[in-house]
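A short worksheet on the structure shown next.
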Amino acid sequence: MLNKRKTILIIDDSSTIRTFVSDVLLKNGFQTLESETMEAVFSDMARMHFDLAVIDIFMPGIGGIAEIAQVKKCWPTIKIIAISAGVEAMDKNKALKAATLQGADLTLAKPFTDDDMMATVDGLLDCQEAVAV
């Protein structure tokens, strides 16, 4: 990757997942912003700058599928990675497919490793920088 000083927004209601993803990204030279809800992101929208978003699909409030559509509406050039472990009513593969239909650029099924996360992030950001060059 050409520039790892990118900022990545992590939206997940699980503090464990947010901390894991943030730690992986920080170790690899990224800056991170964390939120447990999309509502909190929208309340601070004027100050929010990020290059990529990692969004959990099943969360309280707006919820991840709707969040992806909202992020794409407010920040159309932002790349999105949707993550999910599924819920009783919907398995993770169906949920991740729905996220893609709403605008997620890539998906990751939980559980995932730090290598899985970095390969996905690097792939999206390298692709974005190649287009910008």
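The values are calculated or read from the model by the stated rules, or taken from the named source; none is laboratory data. Being a predicted model, the structure only gives us computed values, none of them experimental. Here the Cβ is made from the backbone with ideal geometry for all residues, glycine too, and neighbour counts use every protein chain on show.
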Selection within the range 1-16 - at pLDDT below 90 and surrounded by fewer than 14 Cβ atoms within 10 Å (Cβ to Cβ): Leu2, Asn3, Lys4, Arg5
Number of positions in the range 40-84 that are at pLDDT below 75 and in contact with a Lys or Arg (Cβ under 9 Å, 6 or more places away or on another chain): 0
Matching residues, the range 85-101, being farther than 21 Å from Leu125 by Cα, crowded, with 16+ Cβ neighbours inside 10 Å and at pLDDT 75 or above: Ala85, Ala98
In the range 23-45, the residues that are surrounded by 18 or more Cβ atoms within 10 Å (Cβ to Cβ) and in a helix (DSSP H, G or I): Val24, Leu25, Met38, Val41
